Amino acid sequence: MIKHLQLDYKMGINTEKPMTKQESKKQGVVGAIKQKIDLAKVPVEKKTDEKKDKQLTTGKVSEPKDEVKPDYKNLAPKGVHHRVGPEEGGASTSSPSRSERSPSVKEDINIEDKKKKPIQKKPVVKKTEAVVNARSLPISTKYSMAICRFIKNKKIGKAIVDLGQVITKKKAVPMKGEIPHKKGRGMMSGRYPKKASEHFIEILKSLQANANANEIENPRIVEAVANLASRPYGRFGRIRKKRTHVKLVAKNKLNKEKENRK
């Protein structure tokens, strides 16, 4: 046994048992703690600038030395040609400065101030009439012409009330032709066009809104015109549908009376 140990010692073979994980961890923690303790004991050397010490001792301030410009010819890598500048005798390749290309910023501002002019607002022209154009209404042109005659020279509110009575069949719209007679003063033939009256009420409400927007006082229906529009064909071209254009114009009542006197 002793002989084997001597041989192992001579040959340099490690005969110790390998360390376990727990032992290796403990050894690592102990080593780290020792290192921290050693660092804490080491005195910290204060760094001082040699230049400041010299200035304090001698009382002289060293003048800054001129910076030496590096030689870019020698620093340039191989295969890259050095560009000769104007100081070295070569032609200048730089672009012209901003002052040479264009005038200064102050001159540009002065030019812009001269160009700016005060904005003049156009005077708003006050309208003296309200107009409504209804295109391609799906109502009878014949009934529309009769309603236009019925509401002409009336106030917008009165015309809306009368058409409401037409819808309820309390008042008839006078018409021409072989149409049965209806009751009423000065009434001969007449009918109750319900669908056309509903469309006309919508147009009259729009006319009233336009008159209010234009600030027209006491608006009266001065013009009411109904014209035949292009009539599209129905299914298989058997029927042509009803289409009518309507135009209504309302003006101030007083203005209308003055025009009539003239």
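The values are calculated or read from the model by the stated rules, or taken from the named source; none is laboratory data. What you see is a predicted model; the values in this text were computed from it and never measured. Methodologically, a virtual Cβ is constructed for each residue, glycine included, from the backbone with ideal geometry; neighbour enumeration extends over all protein chains shown.
If the condition is being out of contact with any His (no Cβ under 6 Å at 6 or more places or on another chain) and closer than 21 Å to VAL246 by Cα, then region 215-232 contributes PRO219, ARG220, ILE221, VAL222, GLU223, ALA224, VAL225, ALA226, LEU228, SER230, ARG231, PRO232.
Could you please let me know if LYS154 is of a type outside the set (Gly, Ala, Ser), out of contact with any helix residue (DSSP H, G or I) (no Cβ under 7 Å at 6 or more places or on another chain) and in contact (Cβ under 8 Å) with a residue 24 or more places away in the chain? For LYS154, the condition - of a type outside the set (Gly, Ala, Ser), out of contact with any helix residue (DSSP H, G or I) (no Cβ under 7 Å at 6 or more places or on another chain) and in contact (Cβ under 8 Å) with a residue 24 or more places away in the chain - is met.
One residue stands out among those in region 188-199 that are of a type in the set (Gly, Ala, Ser) and under 52 Å from the mean Cα position of the chain (by Cα): the one that is nearest to THR141 (Cα to Cα), which is ALA196. Hey, could you check region 198-243 for residues that are farther than 18 Å from LEU163 by Cα and hydroxyl-bearing (Ser, Thr, Tyr) and say which is surrounded by the most Cβ atoms within 10 Å (Cβ to Cβ)? Among those that are farther than 18 Å from LEU163 by Cα and hydroxyl-bearing (Ser, Thr, Tyr), it is TYR233. Contact annotation: residue pairs with Cβ atoms under 6 Å, 6 or more positions apart or on different chains, pairing a residue in region 171-184 that is closer than 17 Å to LYS152 by Cα and at pLDDT 85 or above with a partner that is among the basic types (Lys, Arg) and part of a loop (DSSP other than H, G, I, E, B), are ALA172/LYS182. When ILE147 is tested against (1) within 48 Å of the chain's Cα centre (by Cα); (2) in a loop (DSSP other than H, G, I, E, B); (3) crowded, with 16+ Cβ neighbours inside 10 Å, only condition (2) is not met. Please work out which residue is nearest to the chain's Cα centre (by Cα), limiting yourself to region 154-187 and to residues that are surrounded by 13 or more Cβ atoms within 10 Å (Cβ to Cβ) and assigned to a loop (DSSP other than H, G, I, E, B). Taking the candidates together, the pick is LYS154.
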